[in-house]
1. Within a Cβ distance under 10 Å of T358, other residues only, what is the Lys/Arg minus Asp/Glu net charge?
2. Roughly what would the spin-label model give for H260 and F311, points 7 Å off Cα along C-beta, in nm?
3. Using the Cα gyration tensor of segment 45-129, with a ≥ b ≥ c the square roots of its eigenvalues, what is the shape: rounded (a/c below 1.5), prolate (a/b larger than b/c) or oblate (neither)?
4. Could you tell me the distance between the Cα centroids of segment 1-70 and segment 129-204, to the nearest Å?
5. Using amide H atoms built 1.01 Å from N in the peptide plane, name the residues 5+ places from Q263, or on other chains, whose amide H lies under 5 Å from its own.
6. If I histogram all Cα-Cα distances within the chain using bins 10 Å wide from 0, what percent of pairs lands in each bin?
7. Highest GNM mean-square fluctuation, the chain, Cα pairs closer than 10 Å: which of S50, S12, S206?
8. So which of K123/K157; K226/K335; K211/K241; K147/K211; K175/K269; K265/K344 end up more than 19 Å apart by C-alpha?
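Every number here is computed from the coordinates shown, using simple stated rules; none is lab data. All figures in this text were calculated on a predicted structure; none of them were measured in a lab. Because the Cβ atoms are built from the backbone with ideal geometry, glycine has one as well, and the counts that use them run over all protein chains shown.
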Amino acid sequence: MTFAIITHVPHSTSQNQYFAYAPYVREMNLWVKHVNKTIIVAPKTSNKPSIIDLAYQHENIQFNEIPAIQFISFKNCFSSLIKLPVIIWTIFKACRNADHIHLRCPGNIGLLGCFVQMLFPKKIKTAKYAGNWDPKAKQPISYKLQKWILSNTFLTKNMQVLVYGDWENQTKNIKPFFTATYSNSEIEVPQIRDYSNELNFIFVGSLAEGKRPLLAIQIVEALKKKGKQVQLDMYGDGILKEALEQYVLSNHLENVVKLHGNQEKNIVKEALKNAHFLLLLSKSEGWPKAVAEAMFFGVIPITTSVSCVPFMLQNGERGILIEPELSHALNSINKAVNNEASLKMMSKLASNWSQYYTMELFDDEIYKQLKKG
């Protein structure tokens, strides 16, 4: 089987291998291990692979480079429009030569793939929609357009659309799905935390406005001012890093908040084993892997009610749902930490749920999708 991947994810090369963002490649390696040939259509960067990148594990990869596009300014729009014919033609050729077409959505390249796949109604296709599928969510027009095309079984034929969450009134090709990080061999009984002394919080994600990292710091800062013993470890990098570092210094939080930057999977894993709470206050999510990964080791997530998060947390049984506002967050957290027995049960329920979604189960479900072809 020849398997074509259409994606906006930037790729790099080193020692004749193709690298990209590790969580994405970790999943794609599960797909490509079942196929004979892989065609990747994606932008390519000259940057060297970083600590958070991973290599594809496949012996027969054909990489078809396309230019990156974006539409955030007039200059970018004009440049991107000029590039569109080359990108569309490259996607078309990959789809023509593939037995199975796989779109990665949402994204500009995924949107173009949504249009091109209409020309191949008889070919087997899948689309992984890694964003928020909630029909009521406020999203860019391009995202809504992708969701509409993918859901339209007249325009989109022979395709399974894998989405996060189980939503009402969906077309027959929309399939609730999930993702995973850890394997069966990594399952362990989480340690029973002591919630009566210092509370260790952890943040895992990009230091960008959409993740609200400053609010995470302010929550911990406010708890400290109320006399709580608290510690916040932040893992990730991004455009807000310098501003966050300055905030920590200006407010004398050096002994409370630690910014560790991007770290390898095992370092974050060990940090999760010792944390009490995860702070993830995102404006939008698909299936937030940071939440599932934290729950795997009994960390209680404190998070906003976006996408399928309420399902993951069973509407507050396996974690704490808050509004992204400081006083509301503090009230919810203070109420929760005053009931240690409830926290211990919440931690247990969180790990029991997350440890079901292992890489082995993920691999089985992906194989089922490929077998349909």
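1. Numbers: positive: none; negative: E186, E360, D363, D364.
In short, -4.
2. Modelled inter-label distance: 3.0 nm.
3. Oblate shape, in that a/c is at least 1.5 and b/c is the bigger or equal ratio.
4. 22
5. G236
6. Answer for the chain: a P(r) of 5, 22, 31, 25, 13, 4, 0 percent.
7. So, out of S50, S12, S206, the one fluctuating most is S50.
8. From the list (K123/K157; K226/K335; K211/K241; K147/K211; K175/K269; K265/K344), the Cα-Cα distance tops 19 Å for K147/K211; K175/K269; K265/K344.
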